[in-house]
Amino acid sequence: MGYGVGSGESNWGGGVLGEILGRAAEGLGVVLPEQDGQRSGSGTAEYVDAGLGRRVRVQSADEQRRAFWVYLQSNGKHLACGWTADPAEVVRAAVAWTGGAGLEETKGQAPCIGFRPWALAHEREPLGAVELAWCLKLDRIHMPSMNRFPRVHALLAAAYAQPVLRQLMPVTSHFNLWFSTSTTARWNTTRVGYMIRPHDEGFYGVRNGSELLARFETPQEAVAFVVAVLPEGIGPAC
């Protein structure tokens, strides 16, 4: 995939980070995609291609903006991310991804970009809504700042290991996990079973709304408790 050659005036915008990346693009002789002014600031820049549903979010990794996190999104879903100290690599990733390049081609332009097999499979043939939701939630352990919450990931992994839960829609709110029989999850109408809180005074708490039912030391125990009381023949979510 070729880059668009810079011509005319550059619209950097986006505060300090946008200016850093704008200068890098100018040095490469390329044009950065349109920046989302609503979501960009001094330490964040977001570039979009509305026609493709593509978005690249760039975030400063330190206060001096000497390193950057880069996130690739497609239709609102995070498919890949990477870390680099080279603003030119950030620019190459942004131009490639918003220009329609695939994950592997974008990584070829910006080796910092990483993704897992599910993302590549989804790019080739879109996953179902439930499977994609599970993949996205489980994958967040690899992305800052969610990589700072191992208990949350352990709970998700324990739930995913249960076939009956794997076919339901996983829903998280404030790190708490519950399940839905619909891909358009609504607490009052589509929730099934109980909610699990991974941070319940040092335990994994199982609750029915605000009512505490039990606390467990391991996520596997909490998940097993939830599975035991599910209605028979539940799922799959639709």
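The values are calculated or read from the model by the stated rules, or taken from the named source; none is laboratory data. Quantities reported herein were computed from a predicted structural model and do not represent experimental measurements. Because the Cβ atoms are built from the backbone with ideal geometry, glycine has one as well, and the counts that use them run over all protein chains shown. When the accessible area is computed, the model is the full protein with side chains, heavy atoms only, and any ligands, DNA or RNA have been set aside. Shrake-Rupley method; radii C 1.70, N 1.55, O 1.52, S 1.80 Å.
Write down the accessible area per residue of region 82-182 in Å², having rolled a 1.4 Å probe over the full set of protein chains. Per-residue accessible area for region 82-182 comes out at 42 Å². Remark: spin-label model distance Asn188-Ala154 equals 3.6 nm, labels positioned 7 Å along the Cα→Cβ axis. Compute the longest continuous run of the chain that contains no exposed GluC sites (Glu not before Pro); treat a site as exposed when its DSSP state is not H, G, I, E or B and it has at most 16 other Cβ atoms within 10 Å. With a cap of 16 other Cβ atoms within 10 Å, the longest stretch comes to 64-200. Between 0 and 90 degrees, the angle of helix 15-28 with respect to the longest Cα principal axis of the chain falls at about 50 degrees. Annotation for region 105-210: chymotrypsin sites (Phe, Trp or Tyr not before Pro) lying in DSSP loop with at most 13 further Cβ atoms inside 10 Å of their Cβ are Trp187. Taking the Kirkwood radius as the inverse of the mean 1/r across Cα pairs, report the Rg/Rh of region 111-238. With Rg and the Kirkwood Rh in hand, the quotient comes to 0.98. Within the full protein context, the accessible area of Lys137 is estimated at about 40 Å² for a probe radius of 1.4 Å. From helices alone, the chain scores -9500 deg cm²/dmol at 222 nm; the rule is -39500 (n - 2.57) for each run of n ≥ 4 DSSP H residues, then divide by the residue total. Calculate how steeply helix 129-139 sits against the longest principal axis of the alpha-carbon atoms of the chain, using the helix alpha-carbon long axis, and give the answer as 0 to 90 degrees to the nearest 10. In the chain, helix 129-139 runs at an angle near 80 degrees to the longest axis. The length gained on full extension between Ala67 and Arg116, counted as 0.36 nm times the residue separation minus their Cα-Cα distance, comes to 15.4 nm. The accessible surface of the chain, taken with every protein chain in place and a 1.4 Å probe, is 49 percent carbon and sulfur. Taking the Cα atoms of the chain, the ratio Rg/Rh between the radius of gyration and the Kirkwood radius comes to 1.06.
Here the label points at Ser173 and Leu213, each 7 Å from Cα along the C-beta direction, are separated by 1.7 nm in the simple model.
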